[in-house]
Structures are given as structure tokens and as C-alpha cells.
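The values are calculated or read from the model by the stated rules, or taken from the named source; none is laboratory data. Since this is a predicted model, take the numbers as computed values, not measurements. Here the Cβ positions follow ideal geometry from the backbone for every residue, glycine too, while neighbour counts run over all protein chains shown.
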Amino acid sequence: MGGLSSGGWRERVSPSDFPGREPGPINVQRYRQVPAYSGIATFLGLPLCLTPEDLRAGGVDVAVVGAPVDMGTGHRGAAFGPRAIRADEWAVAHTPSALLESDTRINPFDELVVVDYGDAAVDPMSVEASMEPIRGVVREIAGTGAVPVVLGGDHSILWPDAAALADVHGPGRVGVVHFDAHADCAESVAGHLASHATPIRRLIEDEHIPGRNFVQVGLRSVLMPDDELLAWMREHGMRSHFMAEIDRIGFPAVLDRAISEALDGPDHLYLSIDIDVLDPAFAPGTGTPEPPGLTPRELLPALRRICHETPVAGIEVVEVAPNLDPGNLTAMNARKAIFECLTGLALRKKGLPGPTYLDPIAAGLAGEDETTP
């Protein structure tokens with residue numbers, strides 16, 4: 001009858017399966033310095049937590065969790081995104097204590113307690129059935145006060161991820177900053193309400209996130225939004241910044257607008273990063289590439305700045321399909337995106353000034369009073 005029982009895919013391992021283990025993060029690496037291609041693939045080789053009790057006992061600030069879903073895109077390979085991002089060799093070695101963000105000269109792991117939280121349960125035959133288990137795991141992370149960083153998976157997971165934040169902080173109190181080539185607010189796809197093209201519609205209709213609290217950056221799809229969908233977006237007050245606007249006034253000006261809009265009302269922000277916001281030259285491993293897009297030099301500092309200057313309470317990076325990118329460039333940029341987000345969170349916790357904090361030496365300002373260009 002097959003190797004998966006009807007409910008085994010969502011049955012949690014119980015703490016009683018590990019008698020005598022005190023709650024807290026578990027270091028699953030055997031050696032102090034582990035190459036990125038070796039050891040047990042937690043994010044950057046970080047310690048592992050399995051329960052909310054582990055998160056609380058460890059005083060965890062950030063918990064990285066996988067949501068390996070790709071049915072919402074039509075099985076293009078995004079389910080393998082979490083493993084690819086964890087195992088990517090961007091940092092050469094899984095040694096967080098040795099990492100330094102070059103623009104700010106900050107090691108985020110000096111300021112933050114960051115762990116891996118494994119993966120959410122996923123029904124390999126149903127994207128719809130996977131939504132509630134993902135929501136539950138993200139909610140239990142956020143409920144401890146830690147920031148969930150969700151590794152997708154396709155963009156259908158924005159629905160349960162952002163809903164989980166609204167469960168914890170309250171409906172209408174969470175905004176979403178959404179980097180994407182696509183609007184992702186269609187009514188349905190081939191009759192399916194849960195897909196990578198529909199999560200924003202679901203969140204607005206379920207009254208988790210008001211339309212005016214969605215701030216979108218990088219839209220440029222050749223298919224959507226059509227005139228009808230664009231009218232719906234405007235009717236619901238969504239703030240959407242297309243690539244045409246970026247081309248017209250420049251990315252820094254659009255980013256200033258997006259940050260101002262993101263702070264217009266919500267107490268907490270959820271940062272949703274679809275890797276296809278990058279130009280396919282920098283992220284070929286994604287199911288729905290759309291040229292021309294942002295460059296890493298534009299996106300990565302923007303993510304750091306948003307996490308520094310706004311009350312970000314959750315982050316996701318989605319649509320990494322490693323099977324479509326034999327050079328691993330997409331996974332590398334996804335992992336660097338997370339690292340820049342962590343740096344921004346560390347800057348905020350450390351109380352360093354914004355906007356756009358830069359280390360004076362790195363910025364060529366040594367000996368000067370200013371710390372911004």
C-alpha cells in the first residue's frame with residue numbers, strides 16, 4: 001500500500017521519545033568547523049530545536065524552518081529549496097562565528113541566537129492539506145517571541161506563514177513587504193484556491209492582512225495582473241511598485257516609499273521574498289522566471305535595511321528550485337538574502353542608527369562624522 005501511512009506525514013515526534021533530554025538547542029555537528037558540503041544540513045550548521053520548549057529554553061531570537069511545498073507551482077522543484085539553501089556553499093564553511101557582513105562589519109550571530117527548527121509537515125499529495133500544518137509550526141515559533149525564517153517551497157506558503165503571524169499578533173496588526181515579479185493575488189488557479197499565485201487573495205479575504213498593508217516591489221509579469229486583477233488590487237488599497245516605477249525614479253526612491261508605506265499602520269511586518277524578484281541572470285533556479293528584474297546589489301542591502309528599520313516579525317524566502325540551476329547560484333543568493341535579513345535584525349537589536357547603516361571604514365568614511373553615504 002505504499003511507504004506513507006495516511007496520517008504519518010504530520011505526526012510529530014514526542015519529547016518522550018528522547019528521555020532525559022533537557023529542553024534547549026541541540027548541536028548536531030560533530031566538529032567545530034564543518035565544510036558547507038559536510039555534516040548534518042542545518043542552516044549554516046546552526047544548532048537544532050525541535051519544540052517550543054527548546055526555543056524558550058535557548059532564548060532563541062530567530063528560528064529557521066523549512067516548508068518544502070511545490071504542488072502550488074505545478075511540481076517545478078521548489079520542494080527541494082529548503083535543503084538546497086541549507087547546504088549551499090556560499091559561506092564555504094558552516095561556522096557562523098566566522099561570518100562577517102562586509103558592508104556593516106557585523107556578525108549577526110554575535111547579537112542573535114539563531115537555530116534551525118527543521119521542517120513543517122507537508123502532505124506530498126496535497127498543497128491544500130499542507131497549509132494548516134505549516135501555519136501551526138510558524139505560529140508556534142512566533143508564539144515564543146522568536147522570528148520565524150521560513151525556507152520555501154513555493155509561494156503558496158505565504159498564506160499560512162502570514163496568517164500564523166496574524167494569529168499571534170492579531171488580525172490587522174501585521175503588514176507584508178512582498179518582493180516578487182508576480183502579484184500573487186489571483187482568485188484561483190485551475191480552480192484551486194491554494195497555489196503560488198493566490199496567497200494574498202486568501203489573506204485579504206480571510207481578514208488576516210488588510211489590503212492596504214501589502215507593499216509589493218518588483219512586479220513585472222507578462223501575464224498578471226490583467227486589468228481586472230489590477231482593479232481589484234487598487235480597490236483593496238494594495239501598494240504595488242512595478243519595475244516601470246523603479247526604472248522611472250530609481251530603486252532607492254522606490255525603497256524609501258516602500259518602507260514608509262510598510263510603517264503606515266502595522267505593529268509588525270512579515271517580509272516575503274520570492275527569489276524570482278531577481279533577474280533570471282542571478283536566479284535561474286525558479287519555476288516562473290521573469291526578465292528583467294532586480295540585481296543582488298539592489299535587493300540584498302534593501303532586505304538588510306528593512307529588517308533594520310522596521311518591526312520585522314517574520315521572513316520567508318520562496319520559489320528556489322535547485323533542480324533548475326546546476327550552478328547553485330539561486331540557492332546562494334537565497335542564503336545571502338537570509339544572511340542580510342539576519343544582519344538587519346542584529347543592527348536593530350544592537351541599536352545602531354539608520355537609515356542605511358554602513359561601517360565607516362567599509363563605506364570610506366573613516367575619520368568623518370557621518371556613517372551614511
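All conditions in (1) under 26 Å from ALA331 (Cβ atoms); (2) touching a helix residue (DSSP H, G or I) at 6+ places or on another chain (Cβ under 8 Å); (3) buried (at least 24 other Cβ atoms within 10 Å of the Cβ) hold for PHE214, with the sole exception of (1). Just one of (1) in contact with a Gly (Cβ under 8 Å, 6 or more places away or on another chain); (2) more than 27 Å from ARG83 (Cβ to Cβ) fails for ALA258. It is (1). GLY39 meets each of the listed conditions (1) surrounded by 24 or more Cβ atoms within 10 Å (Cβ to Cβ); (2) modelled with pLDDT under 95 apart from (1). All conditions but one from (1) under 19 Å from VAL149 (Cβ atoms); (2) modelled with pLDDT under 90; (3) not β-branched (Val, Ile, Thr) apply to MET125; the one that does not is (1). Within the range 69-126, being touching a strand residue (DSSP E or B) at 6+ places or on another chain (Cβ under 9 Å), closer than 21 Å to TYR37 by Cα and not hydrophobic (A, V, I, L, M, F, W, C) holds for GLY81, PRO82, ARG83, ARG86, GLU89, HIS94, PRO96, ASP116, TYR117, GLY118, ASP119.
Those helices (runs of 4 or more DSSP H) of the range 204-295 in which 1 or more residues are among the β-branched types (Val, Ile, Thr), over 26 Å from VAL62 (Cα atoms) and in contact with a strand residue (DSSP E or B) (Cβ under 7 Å, 6 or more places away or on another chain) occupy 251-262.
Scanning the range 16-36 for residues that are more than 28 Å from the chain's Cα centre (by Cα) and either buried (at least 16 other Cβ atoms within 10 Å of the Cβ) or modelled with pLDDT under 80 (or both) yields SER16, ASP17, PHE18, PRO19, GLY20. Among residues of the range 312-336 that are more than 17 Å from PRO301 (Cα to Cα) and charged (D, E, K, R), those with a Cβ under 7 angstrom from a residue that is modelled with pLDDT under 95 and in a helix (DSSP H, G or I), sequence gap 6+ or separate chain, pair up as GLU319/ALA78; GLU319/HIS155. Quick check on the range 155-165. Is at least one of its residues touching a Ser or Thr at 6+ places or on another chain (Cβ under 7 Å) and either under 30 Å from PRO35 (Cα atoms) or crowded, with 19+ Cβ neighbours inside 10 Å (or both)? Yes - at least one qualifying residue is present in the range 155-165.
In the set (1) crowded, with 24+ Cβ neighbours inside 10 Å; (2) outside any strand (DSSP E or B); (3) of a type outside the set (Asp, Glu), the condition left unmet by LEU151 is number (2).
Being crowded, with 19+ Cβ neighbours inside 10 Å and hydroxyl-bearing (Ser, Thr, Tyr) is the filter; apply it to the range 85-130 and report the residue that is farthest from PRO25 (Cα to Cα). It comes out as THR104.
Please go through the range 39-78 and pick out each residue that is in contact (Cβ under 8 Å) with a residue 12 or more places away in the chain, part of a loop (DSSP other than H, G, I, E, B) and either in contact with a Phe, Trp or Tyr (Cβ under 7 Å, 6 or more places away or on another chain) or over 21 Å from GLU111 (Cβ atoms) (or both).
Scanning the range 39-78 gives GLY39, ILE40, ALA41, CYS49, LEU50, THR51, PRO68, VAL69, ASP70, GLY74, ARG76, GLY77.
Taking first residues from the range 79-104 that are in contact (Cβ under 8 Å) with a residue 12 or more places away in the chain and closer than 18 Å to GLU340 by Cβ and partners that are in a loop (DSSP other than H, G, I, E, B) and charged (D, E, K, R), the Cβ contacts under 6 Å between residues at least 6 apart in sequence or on separate chains come to THR104/ASP359.
The single condition from (1) among the aliphatic types (A, V, I, L, M); (2) crowded, with 21+ Cβ neighbours inside 10 Å; (3) more than 20 Å from PRO82 (Cβ to Cβ) that MET224 fails is (2). In the range 168-189, the residue that is modelled with the lowest pLDDT out of those that are at positive phi and either of a type in the set (Lys, Arg) or surrounded by fewer than 24 Cβ atoms within 10 Å (Cβ to Cβ) (or both) is GLY172.
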